[in-house]
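Taking it in order: structure first as structure tokens, then the write-up.
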Amino acid sequence: MKKKQPTQILLGPVPPALIACGNGTENNILTLAWVGVVNSSPPMISAAIRPNRYSHDLIRDTGEFTVNLPNIDQVALTDGCGTLSGRDLNKFEHFKVTAVKGTLEYAPMIDQCPISMECKVEHTLELGSHTVFIGRVVASYAAEEVVDEKGGIDFRRCRLLGFCAGSYLQTDPLDLSIGYTLKNKS
Ligand SMILES: Cc1cc2nc3c(=O)[nH]c(=O)nc-3n(C[C@H](O)[C@H](O)[C@H](O)COP(=O)(O)O)c2cc1C
């Protein structure tokens with residue numbers, strides 16, 4: 001196979017995540033494409049955030065954030081939280097979404113998102129353009145209607161939003177299936 005060297009390093013498609021944070025006085029949300037699961041035991045998630053984002057210092061100072069996965073009806077919320085800054089407006093009020101408190105002291109979750117995870121920062125890596133906050137997932141929640149009979153998440157029911165190369169996508173796992181499923185789980 002002949003290869004070329006692309007101009008950007010990109011993984012895609014990815015699930016854009018709404019990262020919520022707060023300091024007791026104000027709450028904020030920013031959209032991240034660069035989020036990932038980095039450990040299973042204990043469960044940990046990474047969030048790569050540029051230092052100039054308003055959310056950056058809120059997360060650094062409180063050591064808390066939540067990861068909220070939007071569905072396809074929340075594309076305007078996702079795009080807006082990724083283009084407007086909490087320096088200029090309150091995104092919870094502007095987009096009429098509800099901040100709900102879970103077990104964390106400061107960072108709220110977004111009630112309207114089907115899946116939310118509460119994270120406490122355990123490692124902070126300043127890599128250059130981005131700071132990577134690695135958070136331990138201390139609690140996770142899924143809307144009743146997306147949980148199946150066995151207690152797992154039925155991703156078909158979540159209708160999660162995807163993102164790739166500047167475009168938002170739907171990620172319905174059955175519509176996108178190529179009919180090949182995991183053979184051996186390790
Ligand atoms: C789809 C999408 C993905 C984004 N991914 C990232 C990211 O991974 N890291 C980052 O620092 N900013 C990312 N951004 C930009 C921030 O979300 C944006 O600068 C936001 O307005 C910052 O909000 P704040 O200043 O209130 O923290 C992304 C924006 C969009 C729309």
Test result for THR66, β-branched (Val, Ile, Thr), in contact (Cβ under 8 Å) with a residue 40 or more places away in the chain and touching an Asp or Glu at 6+ places or on another chain (Cβ under 7 Å): yes
Subset of segment 28-59 [within 12 Å of the ligand (Cβ to nearest atom) and not in a strand (DSSP E or B)]: ALA33, TRP34, ARG50, PRO51, ASN52, ARG53, TYR54, SER55, HIS56, ASP57, LEU58, ILE59
Residue within segment 105-114 that is farther than 24 Å from GLY162 by Cβ, of a type in the set (D, E, K, R), out of contact with any helix residue (DSSP H, G or I) (no Cβ under 9 Å at 6 or more places or on another chain) and not in a strand (DSSP E or B) present: no
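Condition check ((1) at pLDDT 95 or above; (2) not hydrophobic (A, V, I, L, M, F, W, C)) across all residues:
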| position | (1), (2) |
| --- | --- |
| THR7 | no, yes |
| LEU10 | no, no |
| PRO16 | yes, yes |
| GLY24 | yes, yes |
| LEU30 | yes, no |
| TRP34 | yes, no |
| VAL37 | yes, no |
| SER40 | yes, yes |
| ARG53 | yes, yes |
Residue list for segment 75-95, filter: crowded, with 16+ Cβ neighbours inside 10 Å, more than 10 Å from the ligand (Cβ to nearest atom) and farther than 13 Å from ALA17 by Cα: PHE92, PHE95
Output for segment 146-186, where each listed residue is loosely packed, with under 10 Cβ neighbours inside 10 Å and either in a helix (DSSP H, G or I) or touching a helix residue (DSSP H, G or I) at 6+ places or on another chain (Cβ under 7 Å) (or both): LEU174
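The values are calculated or read from the model by the stated rules, or taken from the named source; none is laboratory data. Just so it is clear, the structure is predicted and the values come from calculations on it, not from any experiment. Don't worry about glycine lacking a Cβ; one is built from the backbone with ideal geometry, like all the others, and counts go over all protein chains shown.
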